[in-house]
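The values are calculated or read from the model by the stated rules, or taken from the named source; none is laboratory data. None of these values were measured; they are calculated from a predicted model. Here the Cβ positions follow ideal geometry from the backbone for every residue, glycine too, while neighbour counts run over all protein chains shown.
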Amino acid sequence: MSGEAAPPPSWRPLCRLEEIPDGGAKEFAPSSGSHNGLFAIRRGGDVFVYENSCPHIGVPLNWAPDRFLDAKGRHIVCGTHGALFRIADGMCFKGPCTGLPLTAIPFRVEDGVLLVDPEGAG
């Protein structure tokens, strides 16, 4: 052994940014060894990535694949009990988990690819 520290794990690629519809969301499977998946929302050049888990009871938020937003596309909605969350910060403002946030996932975009931090990547 050389005594050198192991390099940090690589960031996990999720998809190309254009694979997330503008004004829509996309679901991602859990990484190996994790229980919860992730989802990303794109609003033009803005992207938001959260763990797919309701802070109220831990169930996945979506009621169908890639279905995380309300009918008008303005809020994240929990398919189990209808709680509403702000897209920009994941804070619940209506429902049984009012005042509790979704878990935001650190990410970056490189060459049009959405990457998430392996330390917080569900």
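Restricting attention to the range 61-70, and to residues there that are within 28 Å of Gly112 (Cβ to Cβ) and hydrophobic (A, V, I, L, M, F, W, C), which single residue is farthest from the chain's Cα centre (by Cα)?
Per the stated criteria, the residue is Ala64.
Of the residues Gly82, Gly58, Gly73, which is part of a loop (DSSP other than H, G, I, E, B), more than 23 Å from Leu14 (Cβ to Cβ), over 11 Å from the mean Cα position of the chain (by Cα) and not hydrophobic (A, V, I, L, M, F, W, C)? Lay out the reasoning, then the answer.
Numbers: Gly58 fails: more than 23 Å from Leu14 (Cβ to Cβ); Gly73 fails: more than 23 Å from Leu14 (Cβ to Cβ).
Checking each option against the conditions leaves just Gly82.
What are the pairs with Cβ atoms under 7 angstrom where one residue, in the range 100-120, is on the phi > 0 side of the Ramachandran plot and the other, located anywhere, is surrounded by fewer than 13 Cβ atoms within 10 Å (Cβ to Cβ) and of a type in the set (Lys, Arg)? Sequence gap at least six, or different chains.
From the range 100-120, the pairs are Gly112/Arg16.
Quick one: would you say Ser10 is farther than 14 Å from Arg86 by Cα, among the polar types (S, T, N, Q), surrounded by fewer than 16 Cβ atoms within 10 Å (Cβ to Cβ) and in contact with a strand residue (DSSP E or B) (Cβ under 8 Å, 6 or more places away or on another chain)?
It is false that Ser10 is farther than 14 Å from Arg86 by Cα, among the polar types (S, T, N, Q), surrounded by fewer than 16 Cβ atoms within 10 Å (Cβ to Cβ) and in contact with a strand residue (DSSP E or B) (Cβ under 8 Å, 6 or more places away or on another chain).
Is there a residue in the range 29-40 that is part of a loop (DSSP other than H, G, I, E, B), of a type outside the set (A, V, I, L, M), buried (at least 20 other Cβ atoms within 10 Å of the Cβ) and more than 11 Å from the chain's Cα centre (by Cα)? Give the steps one after another, and end with the answer.
We begin by selecting, within the range 29-40, every residue part of a loop (DSSP other than H, G, I, E, B); these are 29-37.
Within this subset, residues satisfying the condition of being of a type outside the set (A, V, I, L, M) are 30-37.
Next, from what is left, pick out any that are buried (at least 20 other Cβ atoms within 10 Å of the Cβ): none.
No, the range 29-40 contains no residue that is part of a loop (DSSP other than H, G, I, E, B), of a type outside the set (A, V, I, L, M), buried (at least 20 other Cβ atoms within 10 Å of the Cβ) and more than 11 Å from the chain's Cα centre (by Cα).
Within the range 85-122, how many residues turn out to be under 14 Å from the mean Cα position of the chain (by Cα), among the acidic types (Asp, Glu) and either part of a strand (DSSP E or B) or modelled with pLDDT of 95 or more (or both)?
1
Does Asn52 satisfy the condition of being under 11 Å from the mean Cα position of the chain (by Cα) and at pLDDT below 95? Steps first, answer last, please.
Values: under 11 Å from the mean Cα position of the chain (by Cα): yes; at pLDDT below 95: no.
For Asn52, the condition - under 11 Å from the mean Cα position of the chain (by Cα) and at pLDDT below 95 - is not met.
Conditions (1) among the small types (Gly, Ala, Ser); (2) closer than 19 Å to Asp22 by Cβ, marked per residue:
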residue	(1), (2)
His56	no, no
Arg67	no, yes
Gly79	yes, no
Ala83	yes, no
Ala88	yes, yes
Phe93	no, no
Pro106	no, no
Gly112	yes, yes
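When the residues of the range 89-105 are filtered to those that are small (Gly, Ala, Ser) and within 23 Å of Glu119 (Cβ to Cβ), which remaining residue is surrounded by the most Cβ atoms within 10 Å (Cβ to Cβ)?
Let us first name the residues in the range 89-105 that are small (Gly, Ala, Ser), namely 90, 95, 99, 104.
Filter once more, so that each one left must be within 23 Å of Glu119 (Cβ to Cβ): 90, 104.
On the way: Gly90: 20, Ala104: 13.
Out of the qualifying residues, it is Gly90.
For Lys94, work out the one condition from (1) touching a strand residue (DSSP E or B) at 6+ places or on another chain (Cβ under 6 Å); (2) at positive phi it doesn't fulfil.
(2)
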